[in-house]
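Student: The following block contains the structure, expressed as structure tokens.
The values are calculated or read from the model by the stated rules, or taken from the named source; none is laboratory data. All of these numbers come straight from a predicted model, not from anything done at the bench. We place every Cβ from the backbone using ideal geometry, glycine too, and count neighbours over all the protein chains shown. What goes into the accessible areas is simple: the full protein's heavy atoms, side chains included, and nothing from ligands, DNA or RNA. Shrake-Rupley method; radii C 1.70, N 1.55, O 1.52, S 1.80 Å.
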Amino acid sequence: MNHEHENNETLHVGIEDKLSTGANLTYGFQHLLALTGIFLFPVLIGQALHLEFQTIGYLIQACFLTTGLVTILQSGKMLRLPVVQGPTAAFFVAVLSASASVGLGTAFGSMAVAGVIFMLLALPIRKFGLIGHINKFIAPPIVYGTLLIIIGAQLADIGLKNWFGSANIGVNFAASIVTVVCVLALMIFGGNTILRRGALLWGIIAGTLFFAVFGSVDFSAVATAGWFRLPEVFPFGFGVSIPVVILMLLAFLQASAEAVGMYTLLTKWGNQELDSTRVNRGLFGEFLGCTLGAVFGGLGTTSYPENIGIVRVSGIGSRYVTMTAGIMAVILGLIPKVGLFIASLPSAVLSAASTILFGIIAISGIQMVSKVKWDELNLAVAGSSFIISLGTMYLPAELTAGLPLAIQSVVTQPMLVGVVMLIVLNTVVNVWIRPALERRASGGGSQDSIPTEAA
């Protein structure tokens, strides 16, 4: 074992250290348990679009495949850090919203186009990688944190109301309660163990067992499914919509900002350098994997904070562990029975688990914006962006129905409206106006009346 990091207090096993095959499998499986988006987002998209079990199962397979591809690239030759990536809320919202208006084929086709654009922006060649310069506009906590709050609030619309189902309401609701109680109990009392890290998964299992006893669970589709299936190229067809491409570009921007934050933490813990070339190399790998995933019908990914937390708590920072997790995800993505099994779980149970996940997303945003100094300028940036973006969900139907589809696709998406407003307002207010006010104040004005800290 390489001991180059032995005096590092954060990691007991360094980033370049190698473990046994058994240890890699054990710790890699632990990382997979934290990838809640794989279990929830494809199913919720399928339920919202009323897709067949087989189609939902394929979506899940494609998400496993995308997660595995990107994680292998990041842990391997591209970034060389113990990064595990999974479906993110930004892409979930983008695909769900776009598919409802233009279909899955156009949603994933537009994601692939956006991925190619971002790959070109992040070419790992000196002076060609521009994405690091773009990221600074979304990386400030006031932008990224407020955006997570907007996404969490938007997702609340598909949470609690689905606990009851359309039939057997009592059993559905009781199973949802069992799921939530189990998840919360493990999150609170699970300690730094696999019980807490996989709390959402264990809650889904508990809720499903309850539902199986008092209701009925149908896994017949799993029994008839095959054991191996190669991914298809654009399985839902192919189309491109400019507004949807813009939506996906913003989702990629959000994902890349989160990823850079994770890179920074990991290199700090591992006593490694993170220069612009390495950032661009990592982002290029992420965008390449996400683009391939979109071609196969999988959601875009980002670095999961939960997985970074596992590295921090366990002290196991080996990138070979996360590479193993990526390989496991690819294998699962090639087994149709896995996707159909997850698709066959009770919808009320999955909705209950997703409600907790959406709440965590929103509160994570609140945690981020707690770092912001809330003066009048920052209140103007975040407050107006938050309330206007969420207000787009309640625009009169007679107004939006009369708009061209391209405009309708933009103005009815809280995430899209929110991220545009946050980037523009933060740039105008905190990058341009605030320094001008500070210069005027330092030139003889009253310092007490001028905000002095940018977000």
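Student: Determine, for each peptide in 338-348, 162-172, the mean count of other beta carbons within 10 angstrom over its residues, then list the peptides with the highest first. Don't jump to the answer; show the numbers that get you there.
Tutor: Working: 338-348: 22.7, 162-172: 15.9.
Final packing ranking: 338-348, 162-172.
Student: Among Trp202, Val180, Gly261, which residue has its Cα positioned farthest towards the positive end of the charge dipole of the chain, with +1 placed on the Cβ of Lys and Arg, -1 on the Cβ of Asp and Glu, and the dipole taken about the Cα centre?
Tutor: Selected residue: Gly261.
Student: Please turn the phi angles of the stretch 149-158 into ³J(HN,Hα) values with the Karplus equation 6.51 cos²θ - 1.76 cosθ + 1.60 (θ = phi - 60°), one per residue in order, whole Hz, x for glycine and proline.
Tutor: After applying 6.51 cos²θ - 1.76 cosθ + 1.60, I find 5, 4, 5, x, 5, 5, 6, 4, 5, 10 Hz.
Student: Translational diffusion coefficient, Stokes-Einstein: compute it for the stretch 373-434 using the Kirkwood radius over C-alpha pairs as Rh, at 25 °C and 0.890 mPa s, and state it as an integer in µm² s⁻¹.
Tutor: Rounded, D is 196 µm²/s.
Student: Using 0.36 nm times the number of residues separating Phe164 and Phe234, minus their current alpha carbon distance, what extension gain do you get?
Tutor: 21.8 nm
Student: Check Gly86: other-chain or 5+ apart residues with amide H under 5 Å from its amide H, H built from backbone geometry?
Tutor: Thr302, Tyr304
Student: Let me ask another. Project the alpha carbons of the stretch 297-455 onto their principal axes and report the range along each, largest first, in whole Å.
Tutor: Projected onto the principal axes, the Cα atoms of the stretch 297-455 cover 70, 54, 26 Å.
Student: Okay, next question. Just how many pairs of Lys in the chain have C-alpha atoms closer than 30 Å, counting pairs that are eight or more places apart or on different chains?
Tutor: Close lysine pairs under the 30 Å cut-off: 13.
Student: How many Å² of accessible area per residue for the chain, probe 1.4 Å?
Tutor: Heavy-atom SASA per residue in the chain reads 42 Å².
Student: So if each residue of separation counts as 0.36 nm, and I subtract the Cα-Cα distance between Ala441 and Ile125, what length gain in nm does that give? Could you put the intermediate results ahead of the total?
Tutor: Numbers: separation 316, 0.36 × 316 = 113.76 nm, distance 4.24 nm.
Full extension of this stretch gives 109.5 nm more.
Student: Can you work out ³J(HN,Hα) from phi for every residue in the stretch 356-363, in order, using Karplus 6.51 cos²θ - 1.76 cosθ + 1.60 and θ = phi - 60°, giving whole Hz and x for Gly and Pro?
Tutor: 5, 4, 5, x, 5, 4, 5, 5
Student: Sticking with this structure for a sec: Give me the extension gain from Phe189 to Phe341: residue separation times 0.36 nm, minus the current Cα-Cα distance, reported in nm with one decimal.
Tutor: 51.8 nm
Student: Report in % the part of the accessible area of the chain that belongs to carbon and sulfur, leaving out ligands and nucleic acids; probe 1.4 Å.
Tutor: Ligands and nucleic acids excluded, carbon and sulfur give 67 percent.
Student: Would you work out which of Ile72, Gln61, Ser220 lies farthest towards the positive end of the dipole of the chain? Charges go on Cβ: Lys and Arg +1, Asp and Glu -1.
Tutor: Highest projection toward the positive end goes to Ile72.
Student: Please report, in debye to the nearest 20, how large the charge dipole of the chain is about its Cα centre when each Lys and Arg carries +1 at its beta carbon and each Asp and Glu carries -1 there.
Tutor: Using Cβ point charges on Lys, Arg, Asp and Glu, the chain gives about 480 debye.
Student: I would also like to ask the following. Specify, per residue and in Å³, the volume enclosed by the convex hull of the alpha carbon atoms belonging to the stretch 129-274.
Tutor: Output value, Cα hull per residue: 243 Å³.
Student: On the first, second and third principal axes, largest extent first, how far apart are the outermost C-alpha atoms of the stretch 1-123 in Å?
Tutor: 55, 34, 22
Student: Would you kindly calculate the mean projected area, averaged across all directions, of the convex hull enclosing the Cα atoms of the chain, in square nanometres?
Tutor: Spelled out: convex hull of the Cα atoms, projected over all directions, averaged, 24.1 nm².
Student: Contact order normalised by length for the chain, with contacts defined as Cα pairs under 8 Å and 6 or more residues apart; what percent is it? Don't skip to the end; give the middle numbers.
Tutor: Numbers: 804 pairs, mean separation 151.6, N = 455.
With pairs under 8 Å counted, the relative contact order is 33 percent.
Student: Separate question: Along the three principal axes, how long is the stretch 288-359 when you take its alpha carbons, biggest first, rounded to the nearest angstrom?
Tutor: Principal-axis extents of the Cα atoms in the stretch 288-359, largest first: 36, 30, 21 Å.
Student: Taking N as the number of residues in the stretch 205-285, what is its Cα Rg relative to 2.2 N^0.38 Å? Intermediate results must be reported in sequence, preceding the final value.
Tutor: Working: Rg = 21.6 Å, N = 81, 2.2 N^0.38 = 11.7 Å.
So the stretch 205-285 has a normalised radius of gyration of 1.85.
Student: Give me the one-decimal nm value for the distance between modelled label points at Ala48 and Thr427, 7 Å along each residue's Cα-to-Cβ direction.
Tutor: Label-label distance for Ala48 and Thr427, simple model: 2.7 nm.
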